[in-house]
Each structure stands twice: as structure tokens, then as C-alpha cells.
Amino acid sequence: MAEQKKQVPLRLSTKLYNAIAAWAEDDFRSVNGQIEYLLTECVRQRKKNGKYVPDELDKPLELDFLAEKKE
């Protein structure tokens, strides 16, 4: 029997959404698939070393992915 998935409403800033969408496109995934992949990797990392993600993750992101793409 296939694993049933939960639906979770998620609100993202436009900048964060655009950055994830661009990353997803680079990895040939949907935005939803990319978010699920990233969350899975975070959980896997925590199980591996028993630590949460770094404290820096709590700082607001200054995303300018369009400038990065031009380089």
C-alpha cells in the first residue's frame, strides 16, 4: 500500500518562493517536490548527527537569486 501524504498549508515570502522555484527547476523538480526534498534532507541530517540545523538558519534570508543567476 502506498504511503499516504499529508497536505500542509505553507506561506512563503515571494523571494523565498522564487529562489526555491529556481532551484527546483535546476534540479528538475516541482516546487512542492523541492520543498519535500529539502525537508527530508534536514530531518535525515538531524537523525545522523542529533543536531538541529545551524543557528544561522533562524536569521532572515537576504535572497537575491536573480543576481546570482547573472554571474
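The values are calculated or read from the model by the stated rules, or taken from the named source; none is laboratory data. What you see is a predicted model; the values in this text were computed from it and never measured. Here the Cβ is made from the backbone with ideal geometry for all residues, glycine too, and neighbour counts use every protein chain on show. Areas reflect the complete protein model, heavy atoms only, side chains present, ligands, DNA and RNA absent. Shrake-Rupley method; radii C 1.70, N 1.55, O 1.52, S 1.80 Å.
Quick notes
- In order through the stretch 16-27: 3J(HN,Hα) via Karplus (6.51 cos²θ - 1.76 cosθ + 1.60), integer Hz, x for Gly, Pro: 5, 4, 5, 5, 5, 4, 5, 5, 4, 4, 4, 9
- Solvent-accessible surface (1.4 angstrom probe) belonging to K5, in square angstrom, nearest 10: 140 Å²
- The listed residues V8, V31, V43, once ranked by accessible area (1.4 Å probe) with the largest placed first, stand as V8, V43, V31.
- Estimated FRET transfer efficiency (L16, R44; beta-carbon r; R0 30 Å; 0.05): 0.90
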